[in-house]
Protein chains: 2
Amino acid sequence: MGGEKDTLDLSDLNASLPAAAAALSAEDRAGLVNALKSLAGQHADVLETLSPNVRKRVEFLREIQGEHDEIEAKFFEERAALEAKYQKLYEPLYTKRYEIVNGVVEVDGISDEPTSENAAEGKESDAKGVPDFWLTAMKTNEVLSEEIQERDEPALKYLKDIKWSRIEDPKGFKLEFFFDTNPFFKNSILTKTYHMVDEDDPILEKAIGTEIEWHPGKNITQKVLKKKPKKGSKNAKPITKTEACESFFNFFNPPQVPDDEEDIDEETADELQSQMENDYDIGTTIRDKIIPHAVSWFTGEAVQADDFEDMGDDDEDDDEDDDDEDDEDEDEEEDEDDEEESKPARKSGSGRKQKVPQKVPQGNAEQPAECKQQ
Amino acid sequence: MGGEKDTLDLSDLNASLPAAAAALSAEDRAGLVNALKSLAGQHADVLETLSPNVRKRVEFLREIQGEHDEIEAKFFEERAALEAKYQKLYEPLYTKRYEIVNGVVEVDGISDEPTSENAAEGKESDAKGVPDFWLTAMKTNEVLSEEIQERDEPALKYLKDIKWSRIEDPKGFKLEFFFDTNPFFKNSILTKTYHMVDEDDPILEKAIGTEIEWHPGKNITQKVLKKKPKKGSKNAKPITKTEACESFFNFFNPPQVPDDEEDIDEETADELQSQMENDYDIGTTIRDKIIPHAVSWFTGEAVQADDFEDMGDDDEDDDEDDDDEDDEDEDEEEDEDDEEESKPARKSGSGRKQKVPQKVPQGNAEQPAECKQQ
């Protein structure tokens, strides 16, 4: 076994700074390098507390770690390429879906004549595409149905498509909501972007939403209160006051962390964390569930799949003591693992999920019981 | 564009039940089929509310969804194969790491003679391997350091290796902690298994831990209180009472959900959810961070990498208005997205992370301020 050293060379720090740092001014750059040197110094300290022999072993372990990290970088590359390859395969199917949902293309066998059934029920047979497709698909999902208020629905009927894409530098992903011309806001695309801290780690750095350009009096996320001025008051104009409303469209105005975190108390910080988790949960639900399986959510089949999975699990409990220990090459005594089971946390129809953060009220103020535009 | 129908054929339900259901008794099976039929009935209802033309379009959309889901199943397969391929590549490196850490194999250039430096500092140059390797690596991680109590450390010094593997049916993963013979418990392997609800969805079904066989009086997770009996009491023996202690080893006794969820009130349910999220967070931290990068956690380099990433992001803020909209083939008016930024939630050194559930007390009772074995 070789024993070459792979010590940390501080003189290389300038050369090995990531590309992002290259865009910085010389001054910022110098500051960054100094900060890194002091961090590297801490690392050197750890090694210096070790005896020379242990330190040699750790230096060797660092070489092994380096080999691992090179292989791992290739894994991340290959995985991203695999995902991109499949996104390309999905793309034409999503385009077809878009065209049918929005009546751009018609399927075979559609009759122009109103059928007797239609006439009897008073339905318009000439409705284009599939009305309320995205609204219905989203409302069928448990996480999203909590976010969509009754007053959001008239606006969400104009939703034509939802797409997502990965972003690089910073890492993360972007959701795009395509809207038809509508009486509520001017934007035809509303975007929500999530910046992540890490390559392989679901830690949210921040979330960014499109500012919605509401038409006058059409802001669903606000309630305007008009108070009559007091009698004899100098100003005869009514006093208007706006209050925040619960609305799906608050999704585009995500929770913000104050500049100085020290300014907020622990309770506020916890609530903020909870809100950000909820916001992230909504984003990943749209990305991972709604966009790939919108039709199954529209028909309700996606809900049934979830329920079925639970039913299956409940009935399989007796198989679960199967021991599938891996073979170990380390001469361990293989004590029998007496496993103590905790009960399933989620049951068919109970609606309680793990890893779904609790619902926290959105908006900046206490929610009024009813929140209509005035 | 074709218009063949792909209607849901209820008579096929029996034939298409997943393999898991095949293991059920005829009676259970019949019950399952009936339940499925009633669910499928709900689905049929949704389609029946649609006008005939819209229904035809939705049937066509269901065909497209079917094509998508076949492609997606191949994606999941390929991704699992890719991950397995890389796990195989990491394996020999993990074995080398194990051998050096535990002194099974020696690196070159290790001296048998105590150096003058060693003699002066009173260090033993004949320490085998890298003492406290896993304990130090875990304590360096923010999430795990909260779990590891001072009284856990003497036991965690005996930790020789941590491994993980995927499990199938039910889906999930397993962590294995390999311990040297130690004075605390008999088990040489402690296992923690997570069962997930979904293929591509981090929803925890349940967590299962090895029951630890503590040596008498060595249970770190319990405090034994001895009370002197009251004077004149019939029973002269001291009353012993055990209290739960905070301990990393509670990780192997994960939170349990009661059989009937209706029995617990909302506050208890929220606390339970929070505990399960924390438990899952610990498991994935060990799987995704500690096992692959144990050496970098031991030296502290892994922490610095996290910090550096944040520093970089802080300085890049001015680049973030870059518009990287995808090209759309749908003749959308591309309104400019005025994005409103929320501030970064996590800053260098602040230690506050998103997607890291709040710490909740573990164990079944109120935690005493100090919790020593008696």
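Some values worked out for this structure:
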{"read-out": "3J(HN,Hα) from dihedral phi, the range B:219-227, Karplus parametrisation 6.51/-1.76/1.60, rounded to Hz, x for glycine, proline", "value": "5, 5, 8, 10, 10, 9, 9, 10, 10"}
{"read-out": "Nearest-first distances (nm) between copies at A:G109, label 7 Å from Cα via Cβ", "value": "7.6"}
{"read-out": "Distances in nm from B:E91 to the matching label points in the other copies, shortest first (labels 7 Å along Cα to Cβ)", "value": "3.7"}
{"read-out": "Per-copy distances of the B:D69 label point, shortest first, in nm (7 angstrom along Cα→Cβ)", "value": "4.3"}
{"read-out": "If the convex hull is drawn through the Cα atoms of the range B:237-291, its volume per residue in Å³", "value": "142 Å³"}
{"read-out": "Heavy atoms of B:S111: accessible area, 1.4 Å probe, square angstrom to 10", "value": "40 Å²"}
{"read-out": "Accessible heavy-atom area order of B:I290, A:I110, highest first, probe of 1.4 Å", "value": "A:I110, B:I290"}
{"read-out": "Separation in nanometres of the label points that stand 7 Å from Cα toward Cβ, at B:D263 and B:V105", "value": "5.2 nm"}
{"read-out": "Calculated FRET value between B:K227 and B:E150, using beta carbons and R₀ = 30 Å, to 0.05", "value": "0.70"}
{"read-out": "Virtual spin-label span in nm between A:K157 and A:E67, 7 Å along Cα→Cβ", "value": "6.5 nm"}
{"read-out": "Cut-off under 5 Å, modelled amide H: who pairs with A:K218 long-range", "value": "none"}
{"read-out": "Heavy-atom SASA rank of B:T193, B:T140 (probe 1.4 Å, accessible area, largest first)", "value": "B:T140, B:T193"}
{"read-out": "FRET E, pair A:E48, A:E213, Förster distance 51 Å, beta-carbon r, rounded to 0.05", "value": "0.30"}
{"read-out": "Over 31 Å (Cα to Cα) - which of A:K192/A:K218; A:K163/A:K218; A:K174/B:K88; B:K171/B:K223; A:K174/A:K241; A:K56/B:K88 fall in this group", "value": "A:K174/B:K88; B:K171/B:K223; A:K174/A:K241"}
{"read-out": "Distance-filtered residues of the range B:139-173 - backbone nitrogen under 17 Å, label point 7 angstrom along B:E243 Cα→Cβ", "value": "B:150-151"}
{"read-out": "Nearest-10 value in Å² for the accessible area of B:D288, using the 1.4 Å probe", "value": "50 Å²"}
{"read-out": "Solvent accessible area, Å² - A:Y158, 1.4 Å probe, full protein context", "value": "80 Å²"}
{"read-out": "Dimensions (Å) - the range A:141-214, Cα atoms, principal axes, largest first", "value": "40, 27, 18"}
{"read-out": "Estimated inter-spin distance, A:S165 and A:E271, nm [label 7 Å along Cα→Cβ]", "value": "3.8 nm"}
{"read-out": "Partner chain coverage, peptide B:45-58 - average Cβ within 10 angstrom", "value": "6"}
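The values are calculated or read from the model by the stated rules, or taken from the named source; none is laboratory data. Note that the coordinates shown come from a computational prediction; the quantities given were computed from them, not determined experimentally. Backbone-built Cβ (ideal geometry, glycine too); neighbour counts: all protein chains shown. Calculation scope for accessible area: heavy atoms of the full protein, side chains included, ligands and nucleic acids excluded. Shrake-Rupley method; radii C 1.70, N 1.55, O 1.52, S 1.80 Å.
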